[in-house]
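Undergrad: Provided herewith is a single structure, encoded as structure tokens, for subsequent inquiry.
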Amino acid sequence: MKSLSSIEDVVRVIAEDSRLSLWNCAEETPGVFTLRHEDRLVVLASYNKWRDEQALHTLLEAGKKPGCTLFLFGSLEQFESLENLNGAHLFPLPSSSTLWVSACNSVAGFAPQQVAELQLQLERARYESDLLVDIGRALSQERNTKRLLELILRKAREVTNADAGSVYIVEGESDDLTARTLRFTESQNDSREIEFEGFTMPVSASSIVGTCVLAAEVINIPDLYQLDKAGEGNNPWGFVHDQSFDKKHGYQTHSIVTIPMISAREEVIGVIQLLNRRKPGALKFSSEESIQEKVLPFDEASINYATTLTSQACIALENSLLYDEVKTLFEGFVKASVTAIESRDPTTSGHSERVADLTVGLAKVVDRADSGSYSGLTFDPDEIKQIEYAALLHDFGKVGVREHVLVKSKKLYTHERDIIDLRFQYIRKSIELDTQNSKLSYLLESTAQEVAEELSRVDSQAAEKIREIDEFLGFILKANEPSVLEKGGFERIAEIATRTYFDGAGKQSNYLSQDEVVSLQISRGSLTQEERGEIESHVVHTINFLNQIPWGRTYRSIPEVAGAHHEKLDGSGYPHGLIASAIPTPAKMMAISDIFDALTASDRPYKRAVPLEKALDIIKSEVGRGKLDNELFEMFVGAKVYEEAMES
């Protein structure tokens, strides 16, 4: 209870005390305040305003107007000189706020019961207003369409006290609404446990929800069981109450209101249907009789609140549907990008998806970790999706690598190997031709005995040369395989390259060109240093490509994560030579997943699949050399993250 010592204190009480919240207060002139509620008027005047006789007379005259009450504020001493107040009320100061509230409400004609009812109405209005604000906040924060529809229906039932309800979504793109369909997507019922079964139905005037969509108007039916015949009385729509649902579940649908969800483009995108508004205090209907006793029609206030909520919900739903469309579009873009990557090298088909599965699987294990250096690291659904997208697109830059380099399976390209093969065939034929020419010369110039001896010697020399040529070619083809050269292999290739022959134009050439020597002397794999650099450049292409996409705040780390999957903890990776502290954790996970899939993927033209245990041993050796994260690898192995990917 507050103490009042001035008219300003009284005014503050009017503004702050809920018992006087029905009054609107305004200051007419300094020291004179007016309270208004509908057609009632209360004038408050401070002592400084009524102590002057002329001013007092003016105030008293104003107080005689119908519906007007005058309060004069002052001390008991100041009131002693007053006479002929003509109905004005005196309020001595100092006083209490409770006394003022009682005096104000009583002289204004409010009986205690009326005040209580008005205050109850006001509190309900405040509650419902706050509820709508809370609902609006909740709707704006929910992006999952299914959960959003559930929330919309639950809140709509809450503000109307509806026992049951359902939500329908309009589907289809046709400008003709009757060519579209309505999908039954959400259903709730407090009184009956009913297994939800989704279905679709045409947008048609034969149903209440269909009519609601076509007319884009609220349809309120006080009692379905009291509907007149089609087109008569309270049934201008021609509805026929199908009671099969009620009979099946021992339920009765009496009051029903159907509200269209109208988008910002003035299109009906859905319908909320509420059933059986309950009387105050009614919770559940245990029987059909209790339904008949405790169901009310949906009144104007309920419909207004439900319509307001539906407007809010429609914005949220439209945003959610738009979000889903964008998400679907983006998912399609990512999948198309992966297809573009793998179409360059069909032998790696499925690699991006497997790496994504492995990396996401490891991220979920890390998210659950309750010990170790990663125990405080968690990933929300958006972060998991970001990791998935980064892994799916980690090799996209390969579209910028020349295709023949990308798919190179041997140390020599096919055309290079064919050229060498043809060259050695030519050398072989040249030897055979030289041999025949030598024989012919001896036949013309020597005796029969000399010819026989010389021909035998020439044949022997030719056979030796041809054997050597075949041996050279065989070694070259063996060296062309993407495996480690045998001891002395480098020297053997160099020695073969020094051999010469005369081509068809009589020009002396080496058995192998310098470029061929470089390729055949590759110590491991099938790529030259220059080609390996070109392959490694795919990461730079990936980063440059992904940086062109406006990922927004949710997925802004995708270029960084995807671009670091070949970085190593010791700084020996590429393209930037980052050390452990600079590499994002998801990229460290992806590095393990990428190597694992590259090792264990099904046989490719340039390598055989490595067994699981050997693959894990190879990765473990990389961990031991300080290139991969040991703790992440232990979680990868301990949780057997690889099992699902290997089964797919």
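Rule-based calculations on the coordinates, nothing more; no lab input. Quick caveat, the model's predicted, so the values are computed rather than measured. We place every Cβ from the backbone using ideal geometry, glycine too, and count neighbours over all the protein chains shown.
Undergrad: If we sort 562-575, 372-385, 28-41 on the protection proxy, mean other Cβ atoms within 10 Å, highest first, what's the order?
TA: 562-575, 28-41, 372-385
Undergrad: Okay, moving on. With Rg and Dmax of the Cα atoms in Å in mind, check [x] 45.1, 172; [y] 26.6, 99; [z] 36.1, 120 and report the label derived from this structure.
TA: Checking each listed value against the structure points to [x].
Undergrad: Once you sort the root eigenvalues of the Cα gyration tensor of the range 325-371 as a ≥ b ≥ c, which label holds: rounded (a/c under 1.5), prolate (a/b larger than b/c) or oblate (the other case)?
TA: Oblate, because a/c is 1.5 or more while a/b does not exceed b/c.
Undergrad: Would you mind working out the magnitude of the charge dipole of the range 414-526 relative to its Cα centre, with +1 at each Lys and Arg C-beta and -1 at each Asp and Glu C-beta, to the nearest 20 Debye?
TA: Here the range 414-526 has a charge dipole of around 300 debye.
Undergrad: Taking θ as phi - 60°, what are the ³J(HN,Hα) couplings along the range 150-163 by the Karplus curve (6.51, -1.76, 1.60), each to the nearest whole Hz, with x for Gly and Pro?
TA: 5, 5, 4, 5, 4, 6, 5, 5, 5, 6, 10, 6, 7, 6
Undergrad: How far is helix 7-16 tilted, in degrees, relative to the longest principal axis of the Cα atoms in the chain, given as a value from 0 to 90 rounded to the nearest 10?
TA: In the chain, helix 7-16 runs at an angle near 50 degrees to the longest axis.
Undergrad: Let me ask something additional. Return 239, 636 ranked ascending by Cβ neighbour count within 10 Å, so the fewest neighbours appear first.
TA: Sorted ascending by nearby Cβ count, the order is 239, 636.
Undergrad: If you don't mind, another one. Taking the Cα centre of the chain as the origin, how large is its charge dipole in debye, to the nearest 20, when only Lys and Arg (+1) and Asp and Glu (-1) carry charge on their Cβ atoms?
TA: That gives the chain a dipole magnitude of about 460 debye.
Undergrad: In degrees between 0 and 90, to the nearest 10, how far off the longest principal axis of the chain does helix 489-498 point, with axes built from Cα atoms?
TA: Approximately 60 degrees, to the nearest 10.
Undergrad: I would also like to ask the following. Can you list residues whose amide H is under 5 Å from residue 268's amide H, if they're 5+ apart or on another chain and H is modeled 1.01 Å from N?
TA: Amide H to amide H, under 5 Å and 5 or more residues apart or across chains, residue 268 pairs with 263.
Undergrad: Here's something else I'd like to know. Round to the nearest 0.05 the FRET efficiency obtained for residue 266 and residue 547 when R0 = 35 Å and r is the Cβ-Cβ distance.
TA: About 0.35, to the nearest 0.05.
Undergrad: Can I ask one more? Cut-off under 16 Å on the C-alpha distance; same-chain residues fewer than 8 positions from residue 364 excluded. Which aspartates and glutamates are left, in chain and number order?
TA: 380, 382, 383, 388, 631, 634, 643, 644
Undergrad: Which net charge results for the neighbourhood of residue 375, defined as the other residues with beta-carbon distances under 13 angstrom from its beta-carbon, given Lys and Arg at +1 and Asp and Glu at -1?
TA: Around residue 375, the charge tally is -2.
Undergrad: Whole-Hz Karplus ³J(HN,Hα) for the range 320-336, in order, using 6.51 cos²θ - 1.76 cosθ + 1.60 and θ = phi - 60°, x for Gly and Pro?
TA: 3J(HN,Hα) across the range 320-336, in whole Hz: 5, 5, 5, 4, 5, 4, 5, 4, 4, 4, 5, 4, x, 4, 4, 5, 5.
Undergrad: Can you give me the long-range amide H partners of residue 69? Hydrogens built in the peptide plane at 1.01 Å from N, cutoff under 5 Å, separation of 5 or more residues or another chain.
TA: Amide H neighbours of residue 69, under 5 Å, 5+ apart: 41, 42, 43.
Undergrad: Under a straight-distance cross-link criterion of Cα-Cα below 26 Å, which lysines are reachable from residue 279, leaving out those fewer than 8 residues away in the same chain?
TA: Partners found: 155, 247, 248, 294.
Undergrad: Moving on to the next point. How high is the relative contact order of the chain, given as a whole-number percent (alpha carbon pairs under 8 Å, six or more residues apart)?
TA: 9
Undergrad: If R₀ is 30 angstrom, what is the calculated FRET efficiency for the pair residue 53 and residue 18, using the beta carbon separation as r and rounding to 0.05?
TA: 0.20
Undergrad: Here is a further query. Residues with beta-carbon under 12 Å from that of residue 419, excluding residue 419: net charge, scoring Lys, Arg +1 and Asp, Glu -1?
TA: It works out to a net charge of -3.
Undergrad: Under the rule of -39500 (n - 2.57) per DSSP H run of 4 or more residues, summed and divided by the residues of the chain, what mean residue ellipticity at 222 nm is obtained, to the nearest 500 deg cm²/dmol?
TA: -16500 deg cm²/dmol
Undergrad: Cross-link list 411/614; 478/627; 408/614; 410/507; 385/568: which exceed 27 angstrom alpha carbon to alpha carbon?
TA: 478/627; 410/507
Undergrad: Using Cα pairs under 8 angstrom and six or more residues apart, how large is the relative contact order of the range 3-110, in percent?
TA: 26
Undergrad: Give the relative contact order (percent, whole number) for the range 414-526; include only Cα pairs under 8 Å separated by 6+ residues.
TA: 26
Undergrad: Relative to the first principal axis of the alpha-carbon coordinates of the chain, what is the inclination of helix 53-63, with its axis defined by its Cα atoms, in degrees from 0 to 90 and to the nearest 10?
TA: The helix 53-63 is inclined about 70 degrees to the chain.
Undergrad: Compute the separation of the alpha-carbon centres of the range 193-266 and the range 382-419 and state it in Å as a whole number.
TA: 58
Undergrad: Next question, about the same structure. In whole Hz, with x marking every Gly and Pro, tabulate ³J(HN,Hα) for the range 383-391 from phi via Karplus 6.51 cos²θ - 1.76 cosθ + 1.60, θ = phi - 60°.
TA: For the range 383-391, the Karplus-derived couplings read 5, 4, 5, 4, 5, 4, 5, 4, 5 Hz, x marking Gly and Pro.
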